[in-house]
Amino acid sequence: MKHTMCWYGRMTHGTFTIGGDENPIVIVHSIDERVIMDPDDVDEYLHSEGHDSYLVPDEFTGEIVFSQSFFKGLTNDTY
């Protein structure tokens, strides 16, 4: 049983056209939870925890981009 990182939160999944090329892209608006788990269990976990969306970065073949709202939510805890 393979375990991998899964992200849960608000994301937009789709195929977007950039410069005439169509590419599968996920736009990450928030990552509310990161879990290391069996990727076969992500759908069940998604519904049981009430998340909107998920992404398994190791298994996604496309572009992952982060929205401005994602970056606005980041904090810098370094001194």
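Among Ile31, Ile18, Ile64, the largest mean-square fluctuation in a Gaussian network model of the chain, built with springs joining Cα atoms closer than 10 Å, belongs to Ile18.
Solvent-accessible surface of the chain, taken per residue with a 1.4 Å probe and all protein chains present: 72 Å². Ligands, DNA and RNA left out, the accessible area of the chain computed with a 1.4 Å probe is 48% carbon and sulfur.
Projecting the Cα atoms of Phe71, Leu55, Gly19 onto the charge dipole of the chain, computed from C-beta unit charges around the Cα centre, puts Phe71 farthest toward the positive end.
For the range 1-63, the Cβ-based charge dipole about the Cα centre amounts to some 200 debye (Lys, Arg positive; Asp, Glu negative; other atoms uncharged). Rolling a 1.4 Å probe across all protein chains gives Glu59 an accessible area of roughly 100 Å².
The ellipsoid that matches the Cα gyration tensor of the chain has semi-axes, each √(5λ) in whole angstrom, of 21, 19, 12, with the longest given first. When the chain is treated as a Gaussian network with alpha carbon springs shorter than 10 Å, the biggest mean-square fluctuation among Asp38, Asp21, Asp52 belongs to Asp21.
The values are calculated or read from the model by the stated rules, or taken from the named source; none is laboratory data. This is a predicted model, so every value here is computed, not measured. Using ideal geometry, Cβ is built from the backbone for each residue, glycine included, and neighbour counts are taken over all protein chains shown. Keep in mind that these areas ignore ligands, DNA and RNA; they rest on the heavy atoms of the full protein, side chains included. Shrake-Rupley method; radii C 1.70, N 1.55, O 1.52, S 1.80 Å.
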